[in-house]
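K.L.:
Sharing a structure, written as structure tokens. Questions coming.
The values are calculated or read from the model by the stated rules, or taken from the named source; none is laboratory data. It should be emphasised that the depicted structure is a prediction, and the values quoted were computed from it without experimental measurement. All Cβ positions, even for glycine, are placed from backbone atoms using ideal geometry, and neighbour counts span all protein chains on display. In case anyone asks, the SASA skips ligands and DNA or RNA and just uses the protein heavy atoms, side chains included. Shrake-Rupley method; radii C 1.70, N 1.55, O 1.52, S 1.80 Å.
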Amino acid sequence: MKPIPKVVDLSEIEPNTRRGGDLRAMLTPATVGSTSGFMGVAIVQPGDRIAEHYHPYSEEFVYVVCGEMEVDLDGEPHPLRPEQGLMIPMNMRHRFRNVGSAEARMVFHLGPLAPRPSLGHVDTEETEAAVTVGQVRS
């Protein structure tokens, strides 16, 4: 499929809460035919987190729009504040936490794409949401 310019509204994307937070992959091969990466928004409530994971094929670029976040990079905590960006290298374990008292929003971009979507993201821990989903399916 040849990529074409397309506007995608956040409200059109189903929330993905499997890893914690509310992750919405907005501009992807499936939604807009992208071929070099994908972009989305993470919405994280106070006290919530996005479970630790890494990307074996992609760098991840993050921009904090609002809220007070903390990111663990290979186990080391680092503050992330509004209007700050971060590049996470391939294979680096990372976990995001909202350490503030208000909702946090981050824009993320990953590139290049993994050979298959199932290879793009490796979880290194489970969240309560993932455990609950697993118990419901059992």
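K.L.:
What's the total number of residues in the stretch 60-83 that are closer than 21 Å to Met26 by Cα, among the β-branched types (Val, Ile, Thr) and surrounded by 17 or more Cβ atoms within 10 Å (Cβ to Cβ)?
P.N.:
Result for the stretch 60-83: 2.
K.L.:
May I ask you to list the residues in the stretch 41-65 that are outside any strand (DSSP E or B), closer than 18 Å to Asp123 by Cα and touching a strand residue (DSSP E or B) at 6+ places or on another chain (Cβ under 8 Å)?
P.N.:
Residues satisfying the conditions are Asp48, His55, Pro56, Ser58.
K.L.:
Take Ser101 and decide whether it is more than 17 Å from Gly21 (Cα to Cα), of a type in the set (Ser, Thr, Tyr) and open to solvent by 70 Å² or more (accessible area, probe 1.4 Å).
P.N.:
In short, no.
K.L.:
I would also like to ask the following. Taking the criterion of being touching a Phe, Trp or Tyr at 6+ places or on another chain (Cβ under 6 Å) and in a strand (DSSP E or B), would at least one residue in the stretch 28-40 satisfy it? Even if it seems obvious, please write down each step before you answer.
P.N.:
If we filter the stretch 28-40 for residues that are touching a Phe, Trp or Tyr at 6+ places or on another chain (Cβ under 6 Å), which is where we start, we get 28, 40.
Then drop every residue that is not in a strand (DSSP E or B), which leaves 40.
Yes, the stretch 28-40 contains at least one residue that is touching a Phe, Trp or Tyr at 6+ places or on another chain (Cβ under 6 Å) and in a strand (DSSP E or B).
K.L.:
If you don't mind, there's one more thing I want to ask. Within the stretch 90-109, can one find any residue that is modelled with pLDDT of 95 or more, assigned to a strand (DSSP E or B) and over 20 Å from Val44 (Cα atoms)?
P.N.:
Within the stretch 90-109 (the criterion being modelled with pLDDT of 95 or more, assigned to a strand (DSSP E or B) and over 20 Å from Val44 (Cα atoms)), the answer is no, since none of the residues qualifies.
K.L.:
Restricting to the stretch 10-27, name every residue that is open to solvent by less than 80 Å² (accessible area, probe 1.4 Å) and either part of a loop (DSSP other than H, G, I, E, B) or among the hydrophobic types (A, V, I, L, M, F, W, C) (or both). Give the steps one after another, and end with the answer.
P.N.:
Of all residues in the stretch 10-27, those open to solvent by less than 80 Å² (accessible area, probe 1.4 Å) come to 10, 13, 15-17, 19-27.
Residues satisfying the conditions are Leu10, Ile13, Pro15, Thr17, Arg19, Gly20, Gly21, Leu23, Ala25, Met26, Leu27.
K.L.:
May I pose another question? Residue check: is Leu86 surrounded by 17 or more Cβ atoms within 10 Å (Cβ to Cβ), modelled with pLDDT of 95 or more, on the phi < 0 side of the Ramachandran plot and not in a strand (DSSP E or B)? Please lay out each step first, then the result.
P.N.:
On the way: surrounded by 17 or more Cβ atoms within 10 Å (Cβ to Cβ): yes; modelled with pLDDT of 95 or more: yes; on the phi < 0 side of the Ramachandran plot: yes; not in a strand (DSSP E or B): no.
Spelling it out, it is not the case that Leu86 is surrounded by 17 or more Cβ atoms within 10 Å (Cβ to Cβ), modelled with pLDDT of 95 or more, on the phi < 0 side of the Ramachandran plot and not in a strand (DSSP E or B).
To keep it simple, each residue is scored yes or no on (1) at pLDDT 95 or above; (2) over 21 Å from Arg93 (Cβ atoms).
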| position | (1), (2) |
| --- | --- |
| Arg18 | no, no |
| Asp22 | yes, yes |
| Ala25 | yes, no |
| Ala30 | no, yes |
| Ala51 | yes, no |
